[in-house]
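Peer 1: Have a look at this one before I ask anything.
The values are calculated or read from the model by the stated rules, or taken from the named source; none is laboratory data. Predicted model, so just to flag it, every value in this text is computed and none were measured. For neighbour counting, all protein chains shown are included, and Cβ atoms are generated from backbone atoms with ideal geometry for every residue, glycine included.
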């Protein structure tokens, strides 16, 4: 099977869903080596550079990477940044996920260790004392009980070797998820990536909020952010201007990540306890986008107000503590 798949790719063909399912199975059962897998990815990337990226193949790979498990959890949201942005801010998406869960949104976040940033989702959870490598069954139980769970990308596709070169995983990795999503929120720091990813998200998720800002891969609290959304079957494209909000006067220097991961974790905990700052406002704006996408608010602005109130209440810190306790239950 692997030789047939390789021949199709090297012949310039795009893989069918059944072939991608077989490829994922061979990877997960270790029937092909890491070296063979890296070679397959390199061949796909070479073909894509010559013929172009096929959204159907990418969407089918995202589907093939889902974990075959039954779940009755509905209306799941995953929020993330694509990485590669110019300005390395405090971790926003993981922090916003805890706010969304406190508001009653079912969040099952996929993430990874820090690559382009100083503190990825895995790093942050580890600092908080939450195990980022829990079995999917326990993660789903966490979502049921607490409205939040985390499933590391390394669990979706285990591959210990990395070529260091660009591959299809660079543009679909952030879209991969163990389950089918109802809501996907994705921040892009590169406009060309937004163009690549939108047709893939369109094929794999019912509702989405895609953002582009040239400075950060989130909705910015400093400069306008371009947004493309699909909610309840309706598509919109517009600019979100943070100046419409009453924010603390700040610039990007006030949003930067610390070089120490433990310091980043501590800063966010203080925010969860109710401390307001430029960093808390950035996180609240992005949580507000998630509340809007999930139908909990009528606009990002209204979502921001809700997120700000939730943070001020201290309930987000309680949610984090509950998550930590559940994570360490045996």
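Rundown of residues vs (1) assigned to a helix (DSSP H, G or I); (2) over 30 Å from residue 47 (Cα atoms); (3) at pLDDT below 90, yes/no style:
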| residue | (1), (2), (3) |
| --- | --- |
| 74 | no, yes, no |
| 94 | yes, yes, no |
| 98 | yes, yes, no |
| 125 | yes, yes, no |
| 150 | no, yes, no |
| 163 | no, no, yes |
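Peer 1: Consider segment 37-56. How many of its residues are within 24 Å of residue 68 (Cα to Cα) and either without any contact (Cβ under 8 Å) to a residue 60 or more places away in the chain or in contact with a strand residue (DSSP E or B) (Cβ under 6 Å, 6 or more places away or on another chain) (or both)?
Peer 2: Final tally of qualifying residues: 1.
Peer 1: Have a look at 201, 143, 197, 174 and point out the one that is over 27 Å from residue 86 (Cα atoms) and in the same structural domain as residue 226 (by TED's automatic domain parsing). Walk me through it before giving the result.
Peer 2: Values: 201 fails: over 27 Å from residue 86 (Cα atoms); 197 fails: over 27 Å from residue 86 (Cα atoms); 174 fails: over 27 Å from residue 86 (Cα atoms).
Unique residue meeting the criteria: 143.
Peer 1: Is it the case that residue 247 is surrounded by 14 or more Cβ atoms within 10 Å (Cβ to Cβ), assigned by TED's automatic domain parsing to the domain that holds residue 221 and part of a loop (DSSP other than H, G, I, E, B)?
Peer 2: yes
Peer 1: Okay, next question. Quick check, is residue 129 in contact with a helix residue (DSSP H, G or I) (Cβ under 7 Å, 6 or more places away or on another chain), over 22 Å from residue 76 (Cβ atoms) and modelled with pLDDT of 90 or more? Full working, then the answer.
Peer 2: Numbers: in contact with a helix residue (DSSP H, G or I) (Cβ under 7 Å, 6 or more places away or on another chain): yes; over 22 Å from residue 76 (Cβ atoms): yes; modelled with pLDDT of 90 or more: yes.
Considered against the rule, which asks whether it is in contact with a helix residue (DSSP H, G or I) (Cβ under 7 Å, 6 or more places away or on another chain), over 22 Å from residue 76 (Cβ atoms) and modelled with pLDDT of 90 or more, residue 129 comes out as yes.
Peer 1: Just to be sure before I move on: is residue 212 assigned by TED's automatic domain parsing to the domain that holds residue 304, surrounded by 19 or more Cβ atoms within 10 Å (Cβ to Cβ), touching a helix residue (DSSP H, G or I) at 6+ places or on another chain (Cβ under 7 Å) and more than 19 Å from residue 307 (Cα to Cα) in the structure I sent? Explain how you work it out, then say what you get.
Peer 2: Values: assigned by TED's automatic domain parsing to the domain that holds residue 304: yes; surrounded by 19 or more Cβ atoms within 10 Å (Cβ to Cβ): yes; touching a helix residue (DSSP H, G or I) at 6+ places or on another chain (Cβ under 7 Å): yes; more than 19 Å from residue 307 (Cα to Cα): yes.
Taking the combined requirement at face value, the residue satisfies it.
Peer 1: So, one more: Checking residue 35 against (1) over 17 Å from residue 153 (Cα atoms); (2) modelled with pLDDT of 90 or more; (3) not assigned by TED's automatic domain parsing to the domain that holds residue 215, which test does it fail?
Peer 2: (2)
Peer 1: Restricting to segment 199-241, name every residue that is more than 19 Å from the chain's Cα centre (by Cα), more than 22 Å from residue 255 (Cα to Cα) and not in a strand (DSSP E or B).
Peer 2: 232, 233
Peer 1: I've got another one for you. If you go through segment 173-191 one residue at a time, how many are surrounded by fewer than 20 Cβ atoms within 10 Å (Cβ to Cβ) and closer than 24 Å to residue 285 by Cα?
Peer 2: Summing the residues that are surrounded by fewer than 20 Cβ atoms within 10 Å (Cβ to Cβ) and closer than 24 Å to residue 285 by Cα in segment 173-191 gives 3.
Peer 1: Looking at residue 80, is it touching a helix residue (DSSP H, G or I) at 6+ places or on another chain (Cβ under 8 Å) and in the same structural domain as residue 110 (by TED's automatic domain parsing)? Reasoning before the result, please.
Peer 2: On the way: touching a helix residue (DSSP H, G or I) at 6+ places or on another chain (Cβ under 8 Å): yes; in the same structural domain as residue 110 (by TED's automatic domain parsing): yes.
Here the answer is yes, as residue 80 does meet what is asked.
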